[in-house]
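The values are calculated or read from the model by the stated rules, or taken from the named source; none is laboratory data. What you see is a predicted model; the values in this text were computed from it and never measured. When we count neighbours, we look across all protein chains shown, and the Cβ atoms used for this are built from the backbone with ideal geometry, even at glycine.
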């Protein structure tokens with residue numbers, strides 16, 4: 001108890017010293033700052049400005065800020081003040097620094113500061129570029145509530161903690177957007193025609209997907225200029241693909257999902273690009289099944305391979 005009494009005494013002494021500070025600038029500015037934050041007015045106006053900008057991310061920031069403020073205000077004004085019915089500081093404030101209508105509600109915690117911290121946290125999470133100005137304004141509101149003599153420092157600290165927590169909690173039900181934009185996918189470009197498989201090295205995994213030795217024979221007939229490498233699960237697939245990439249202008253692979261994924265990684269290592277080609281028996285896009293409209297007749301199996309990866313450089 002002695003420790004709590006000592007903390008309360010320090011709280012009262014700090015409130016008295018701040019409120020009795022004789023500064024014409026503070027006495028003129030701080031009451032106005034405090035009044036602007038009444039009922040969250042300044043934050044609602046800022047949210048309206050963000051929304052009016054038309055920017056998608058600014059609108060997200062406005063929604064997150066207002067949602068955070070609503071949660072913090074309810075917590076501070078209903079739960080906090082119900083559990084801790086603390087009176088306002090008994091301090092002497094210069095006449096110029098007094099609020100026109102001193103609040104009559106309980107003191108702990110500060111609802112104004114809770115709303116300010118919540119809005120600032122919500123906006124800063126969505127738009128880090130606005131963090132400095134909104135946090136500065138929230139800090140000004142916190143200072144104003146002490147300078148005008150309506151809150152103890154502990155009221156302000158508790159309100160700031162409630163507000164920051166309310167803003168942080170919003171990410172649980174509304175995840176933040178990625179800070180870095182998603183990498184743009186380059187549009188496919190048309191590659192040089194290779195009707196007989198000129199420059200094509202095609203690796204066929206006969207133990208995966210619908211690829212088979214019969215498909216290999218069919219591809220050899222359709223693509224007489226292509227180099228076909230027939231492999232299976234008993235061989236080092238990665239080594240076969242890397243070998244094929246060293247001599248290919250167009251790299252293709254037929255097999256299952258695992259084969260195609262491995263080929264994708266190796267193709268990216270070797271600076272191949274996904275392009276639309278004119279290679280009979282080869283698909284037209286990165287990791288895509290055969291396109292019969294573009295590639296002609298189906299192979300003799302009656303089904304197209306699970307994956308055929310035509311890549312060029």
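Below, the figures for the structure above:
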read-out: Sole exception among (1) assigned to a loop (DSSP other than H, G, I, E, B); (2) at pLDDT 80 or above for residue 204, by number; value: (1)
read-out: Members of the range 111-131 found to be surrounded by fewer than 19 Cβ atoms within 10 Å (Cβ to Cβ) and touching a helix residue (DSSP H, G or I) at 6+ places or on another chain (Cβ under 9 Å), listed by number; value: 130, 131
read-out: Breaking point among (1) at pLDDT 90 or above; (2) part of a loop (DSSP other than H, G, I, E, B), for residue 175; value: (1)
read-out: In the range 222-267, the residues that are surrounded by 22 or more Cβ atoms within 10 Å (Cβ to Cβ) and in a loop (DSSP other than H, G, I, E, B); value: 223, 226, 248
read-out: Residue selected from the range 74-87 under the condition touching a residue at least 40 places away in the same chain (Cβ under 8 Å) and surrounded by fewer than 23 Cβ atoms within 10 Å (Cβ to Cβ), by the criterion nearest to residue 128 (Cα to Cα); value: 75
read-out: Residue, modelled with the lowest pLDDT, within the range 89-114, restricted to residues that are more than 21 Å from residue 29 (Cβ to Cβ) and either in a loop (DSSP other than H, G, I, E, B) or over 43 Å from the mean Cα position of the chain (by Cα) (or both); value: 90
